[in-house]
1. Using θ = phi - 60° and the Karplus form 6.51 cos²θ - 1.76 cosθ + 1.60, what ³J(HN,Hα) does each residue of the stretch 87-96 get, whole Hz, x for Gly and Pro?
2. Quick one: compute the contact order of the chain, relative version, from alpha carbon pairs under 8 angstrom and 6+ residues apart, as a percent.
3. Ordered by residue, what ³J(HN,Hα) values in Hz, to whole numbers, does the stretch 265-279 give under the Karplus form 6.51 cos²θ - 1.76 cosθ + 1.60, where θ = phi - 60° and Gly and Pro are x?
4. Can you give me the solvent accessible area of Lys95 with a 1.4 Å probe, rounded to the nearest 10 Å²?
5. Got a number for the accessible area of Arg275? Probe 1.4 Å, square angstrom, nearest 10.
6. For the chain, what is the accessible area per residue in Å², given a 1.4 Å probe and the full set of protein chains?
7. Given H placed 1.01 Å from N in the peptide plane, which residues other than close sequence neighbours of Leu195 have an amide H under 5 Å from its amide H?
8. If you wrap a convex hull around the Cα atoms of the chain, how much volume per residue is inside, in Å³?
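The values are calculated or read from the model by the stated rules, or taken from the named source; none is laboratory data. Not measured: the values here are computed from a predicted model. Every residue, glycine as well, gets a Cβ built from its backbone with ideal geometry; the counts of neighbours run over all protein chains shown. Heavy atoms of the whole protein, side chains included, go into the accessibility calculation; ligands, DNA and RNA do not. Shrake-Rupley method; radii C 1.70, N 1.55, O 1.52, S 1.80 Å.
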Amino acid sequence: MKNRERILDLAKAREYDLIVIGGGIVGAGIAQDAACRGLSVLLIEKDDFAAHTSSKTTKLIHGGLRYLEQGRLRLTYQLSQERALLEQLAPHLVKDISFVLPLTEKDQLFSWRARIGLTLYDLLASGLFNGRQNHENIEPKEVFEAAPALAQENITGGLRFHDAITDDARLVLTVIKSAVSQGAHVLNYVEAIGLKDHDKVVREVECRDRLNGTTVTLRCKVCVNAAGIFSDQIIGMVKKNWQPRIMPGKGIHIVLPFSAFPTNTGLFLPTPDKRYVFVLPWQRALMVGTTDSPYTGDLNNPIPNNDEIDYLLQILNKYNGGRRLARTDVKAAWAGIRPLISPFDANKFPKTNKSKQPTNTDNKDNSLPTSQLSREHEIFIGPKGLVSVIGGKLTNYRLMAEQVMDRILERYPDITRVEGKRTRTKRLMLGGWLDKEDYLASTALISSRGRKLLLDPATIDHLTSTYGKEALNILDLIEASPELKRKNMPRISAHHGRS
């Protein structure tokens with residue numbers, strides 16, 4: 001708290017090059033990129049960091065295999081390349097995971113389409129780092145060894161492919177820590193409640209400190225709106241007749257005991273409604289998701305409903321070789337809201353991202369199901385010079401941040417105080433590691449010290465994955481107070497999967 005109060009006092013007394021509104025993964029990435037380029041930057045978030053969409057994902061850093069079916073090759077290529085890069089930059093936090101896609105004798109056409117799709121997926125993933133394994137065909141015996149829960153009738157084989165998994169909320173915090181290490185200031189529980197412009201550019205952000213109820217005005221040269229599902233509300237502060245660009249899409253996940261549907265691998269299960277459901281071993285349990293439906297409720301508190309939970313259970317029971325699963329098997333569930341971009345844009349502001357743009361003719365009455373809406377992003381400088389970024393994925397947050405900063409420096413070149421304008425985030429490791437050699441040496445030291453303290457391998461891996469190089473500081477605390485070795489098993493909320 002003392003550090004937060006100190007930063008708030010500093011923020012009141014200065015003008016920042018950038019104020020970034022939104023403490024999810026995109027805002028965190030922009031703050032990191034800006035700080036790396038030598039700019040003064042303040043990141044504000046009205047709740048806890050990663051409190052909304054960024055902590056409600058399927059925890060995957062992936063190329064988006066299902067996007068190939070929608071013809072979004074550019075998006076899949078970008079996501080695949082960013083996935084490979086993040087595996088290099090955060091090897092403790094972004095880890096390889098294998099998936100099995102079961103094939104059945106009932107749909108030979110789908111089997112051929114899946115093989116072609118995965119071949120293209122492999123090609124799009126190649127080029128940056130060549131260590132990733134290509135997909136492979138596997139026999140029924142290998143399918144059932146990998147996923148004993150699957151019903152054996154009708155399955156004729158499977159396809160195994162690889163993606164990456166992470167702890168989404170921890171990834172956000174890790175990127176924020178990286179931004180702070182580069183000089184950024186960050187404040188949570190500070191809510192933007194008004195924007196004021198000077199010479200038609202937003203220069204002041206009126207904020208409410210949600211911990212004590214006071215208001216404060218913070219000053220900047222450029223304001224960036226990275227508020228995700230709340231982006232339209234932020235733009236509405238400077239343009240009262242702003243027509244919403246976000247179409248909220250709801251997705252839920254459920255958590256089951258591992259014994260309810262035993263699998264040693266991730267599963268990628270086709271559904272009758274032409275979607276896919278992921279089944280992931282996660283923290284000694286099983287995470288299943290996700291759904292995809294329009295949402296019109298409270299953006300601050302989405303809650304899974306019984307129909308959504310039943311949908312996921314029905315998919316599992318379609319493939320389950322054991323007893324039928326019921327709601328009583330569900331140990332936790334949570335819902336997140338995707339900031340999907342409406343294809344119909346009634347606002348006339350030019351888009352400046354390099355991704356393929358949705359057009360006004362794609363869906364004039366917004367009738368497309370949310371599963372068919374683009375997962376790409378848009379960057380635009382809108383009313384009063386407010387820079388906004390909407391849409392996007394967890395996987396390509398770094399690329400989105402780079403594009404935002406490139407656009408800002410192009411539009412406002414006078415804020416640059418360093419000679420080099422290019423991003424450094426392609427080379428900046430996350431988690432406190434200086435480089436790959438430091439990562440290898442430090443993780444070996446963490447393992448050695450952990451064993452001397454009689455910590456089990458799973459605990460040592462948890463400390464490294466969660467805290468990066470700071471795990472050494474945790475071990476210092478344990479050495480000073482051995483009682484800290486006692487495991488504290490958190491309870492999982494009935495409506496939330498974070499612990």
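1. 5, 7, 7, 9, x, 7, 10, 10, 10, 5
2. About 20 percent, as a whole number.
3. 9, x, 10, 10, 9, x, 10, x, 8, 6, 10, 9, 10, 8, 10
4. About 70 Å², ignoring ligands and nucleic acids.
5. Looks like 40 Å² after rounding.
6. Per residue, the chain has 45 Å² of solvent-accessible surface.
7. Residues meeting the criterion, in which the H sits 1.01 Å from N, are Glu206.
8. Cα convex hull per residue, to the nearest whole number: 160 Å³.
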